Amino acid sequence: MISHQKLLLKKGSEELLSSLNLYRCNLNIALSCDDLLIRDHYTEIVETLGMVYEDSTIYTLVHKEKAMLGTIELRKIRSTYLSHKIKDREHLAKNSFLIPNAASNLFIPCSVDLIINISNGMSSGIRKCENTKLITYFYDHYYLNRKDKVLREKIFKSYITKWSKAALCMSDEIWVPNESVKKYVETFYEGPVSIVAPPFNISDYPLTPKEGKEFDYYAINAKGVDENCANELISFLDQYNMKYVFFGEDAHLDEIKLGEEDPRFMGVRCSGELAPMLGNARALIDISETAFPEDILKALSSGRPVIAKDSELFKSYLGEFGLIWTNGSSSELIDAIKDMNNLYHTYDRRKLYNIATNFHDIKFKSDVKRRVDHILSNDHVHNGADCCN
């Protein structure tokens, strides 16, 4: 009799577990983001999460169709009327006063169990049902941190800041990429804030064998290098017969090019072309300022050291090994090149690669799945008013 009861109890437990697993498999998870206008690290995070939750619909304030390569364009995308007005991210920033109204007019249906929002500060305000759980990955406050604001942005800054913080406070949890952003969020949000290291597609920049490589040229990221700085770097490197190549968007350097097919300028290239170029370089020179040091990680993943612009944000991601930090001036860059000429062969390539593994996209996907499972098992209904001060 007792064994029969145990058998029934066991069977009931298995049926309950089965139903819970079925429920979990049928959960409706949506993604949201500020914009889908260009392919950069921000939109690569959206794409990575789309790979984790393959059936999820993406809700965004602005979507420029066919502007992005990759799998995002194959997904269901819902956007606002701004998609018909906005040309690019710069244009959206200049018209940020339109975002609150646009966000309130885009509705994520109540059939959605959980929203994962990848935010540059605006998409948290997309309208949802009160009991739909919301996780916000607060990547950067691009729209409020822009240096060169037009008059309209300056006039509406206070209003947009207040609205953006209130929207962020509606999150059940906020994830941030680093300690610096965490401290900022905690100044106004009293809910749970966790650091989740951003993903980096390390497989595109493998650590290849050292044999046959001469490491006899510098790879220079054109982003962040103005014409005067580029001219001084070129003059110094030519003077000492040191090879170099510029890569990335370089239209602002057209005046110093030797014709349309100047071999010193690679322009924008895919990872298949960029990876071997970085892997064979003596070092990367990169003084660009971005929310995430993606280009630096491309070089480190390829086993090459870096000369970079001193940044507490970047240091929080990368540490000190394998990097020479400068203020970004041409004189300091030249001094750093002189130092790098004596150091580049001393860095352990495997240790440089290991820095990049901290941001492996597989690690990011696993971390997200674990955190999402945890929040879905928590029945707490969040009241945003309780978590914003």
Completion exercise
Residues of segment 201-235 being open to solvent by 20 Å² or more (accessible area, probe 1.4 Å) and assigned to a helix (DSSP H, G or I), in sequence order, are Ser203, Asp204, Glu227, Asn228, Asn231, Glu232, Ser235
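Among residues belonging to segment 143-155 that are open to solvent by less than 70 Å² (accessible area, probe 1.4 Å) and in a helix (DSSP H, G or I), point out the one that is nearest to Cys33 (Cα to Cα).
First pass over segment 143-155, keeping only residues open to solvent by less than 70 Å² (accessible area, probe 1.4 Å): 143-144, 146, 149-150, 153.
Subsequent filtering for residues that are in a helix (DSSP H, G or I) retains 143-144, 153.
Details: Tyr143: 13, Leu144: 16, Glu153: 21 Å.
Checked segment 143-155; the qualifying residue nearest to Cys33 (Cα to Cα) is Tyr143.
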Exercise for the section: Starting from residues that are open to solvent by 40 Å² or more (accessible area, probe 1.4 Å) and assigned to a helix (DSSP H, G or I), keep the ones in segment 39-56 and report whichever is nearest to Met68 (Cα to Cα). Expected result: Glu44
Practice task
Return yes when Ile195 is open to solvent by 50 Å² or more (accessible area, probe 1.4 Å), free of Cβ contacts under 8 Å to residues at least 40 places away in the same chain and touching a Phe, Trp or Tyr at 6+ places or on another chain (Cβ under 8 Å) and no when it is not.
Solution key: yes
Handout entry: Single residue of segment 367-389 satisfying the filter (open to solvent by 70 Å² or more (accessible area, probe 1.4 Å) and assigned to a helix (DSSP H, G or I)) that is modelled with the lowest pLDDT
Key = Ala385
Fill in the blank from the handout: Flagged pairs (Cβ under 8 angstrom, 6 or more apart or on separate chains; first in segment 51-70, farther than 23 Å from Asn28 by Cβ; second open to solvent by 20 Å² or more (accessible area, probe 1.4 Å) and among the hydrophobic types (A, V, I, L, M, F, W, C)) are Ala67/Ile38; Met68/Ile38
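Of the residues Leu284, Leu278, Leu300, Leu313, which is part of a helix (DSSP H, G or I), surrounded by 17 or more Cβ atoms within 10 Å (Cβ to Cβ) and in contact with a Lys or Arg (Cβ under 7 Å, 6 or more places away or on another chain)? Quick ask: steps written out before the conclusion?
Numbers: Leu284 fails: part of a helix (DSSP H, G or I); Leu300 fails: in contact with a Lys or Arg (Cβ under 7 Å, 6 or more places away or on another chain); Leu313 fails: in contact with a Lys or Arg (Cβ under 7 Å, 6 or more places away or on another chain).
Only one candidate qualifies: Leu278.
Any idea which residue in segment 57-91 is surrounded by the most Cβ atoms within 10 Å (Cβ to Cβ), counting only those that are assigned to a loop (DSSP other than H, G, I, E, B), on the phi < 0 side of the Ramachandran plot and not charged (D, E, K, R)? Walk me through how you get there before you give the answer.
Filtering segment 57-91 for residues assigned to a loop (DSSP other than H, G, I, E, B) gives 57, 64-71, 75-76, 79-80, 85-88.
Okay, now just the ones that are also on the phi < 0 side of the Ramachandran plot, so 57, 64-65, 67-69, 71, 75-76, 79-80, 85-88.
Narrowing the set further to residues that are not charged (D, E, K, R) leaves 57, 67-69, 71, 79-80, 86.
Numbers: Thr57: 18, Ala67: 15, Met68: 19, Leu69: 10, Thr71: 11, Ser79: 20, Thr80: 22, Ile86: 24.
Among those residues, the one meeting the criterion is Ile86.
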Exercise for the section: For segment 66-80, state whether one or more residues are of a type in the set (A, V, I, L, M), at pLDDT 90 or above and more than 28 Å from Pro192 (Cα to Cα). Expected result: yes
Practice task
Take segment 92-141 and flag every residue that is crowded, with 18+ Cβ neighbours inside 10 Å, in contact (Cβ under 8 Å) with a residue 60 or more places away in the chain and out of contact with any strand residue (DSSP E or B) (no Cβ under 8 Å at 6 or more places or on another chain).
Solution key: Ala93, Ser96, Pro100, Asp140
Exercise for the section: Only residues that are buried (at least 19 other Cβ atoms within 10 Å of the Cβ), β-branched (Val, Ile, Thr) and either in a helix (DSSP H, G or I) or more than 18 Å from the chain's Cα centre (by Cα) (or both): list them for segment 161-188, please. Expected result: Val181, Val185
Exercise for the section: Inspect segment 222-236 for any residue being farther than 30 Å from Thr346 by Cβ and in contact with a Ser or Thr (Cβ under 9 Å, 6 or more places away or on another chain) and give the result as yes or no. Expected result: yes
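I'd like the full set of residues that are part of a loop (DSSP other than H, G, I, E, B) and within 23 Å of the chain's Cα centre (by Cα), limited to segment 238-275. Step through it out loud before you land on a result.
Residues of segment 238-275 that are part of a loop (DSSP other than H, G, I, E, B), as a first pass: 240-242, 248-250, 257-264, 266-270.
Correct list: Gly248, Glu249, Asp250, Gly267, Val268, Arg269, Cys270.
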Exercise for the section: Name, by its number, the condition in (1) surrounded by fewer than 17 Cβ atoms within 10 Å (Cβ to Cβ); (2) over 20 Å from the mean Cα position of the chain (by Cα) that does not hold for Gly319. Expected result: (2)
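Of a type in the set (Gly, Ala, Ser) and free of Cβ contacts under 8 Å to residues at least 12 places away in the same chain, is that true of Ala251?
On the way: of a type in the set (Gly, Ala, Ser): yes; free of Cβ contacts under 8 Å to residues at least 12 places away in the same chain: yes.
Taking the combined requirement at face value, the residue satisfies it.
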Handout entry: Selected residue (only one of Glu261, Glu294, Glu232, Glu227 is acidic (Asp, Glu) and within 17 Å of Asn201 (Cα to Cα))
Key = Glu294
Handout entry: Single unsatisfied condition, Asn241 versus (1) at pLDDT below 95; (2) on the phi > 0 side of the Ramachandran plot
Key = (1)
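The values are calculated or read from the model by the stated rules, or taken from the named source; none is laboratory data. The model shown is predicted, which means the values in this text are computed figures rather than measured ones. Note that we place each Cβ from the backbone using ideal geometry, even for glycine, and neighbour counts take in every protein chain shown. The area values use the complete protein model at the heavy-atom level, side chains included, leaving out ligands, DNA and RNA. Shrake-Rupley method; radii C 1.70, N 1.55, O 1.52, S 1.80 Å.
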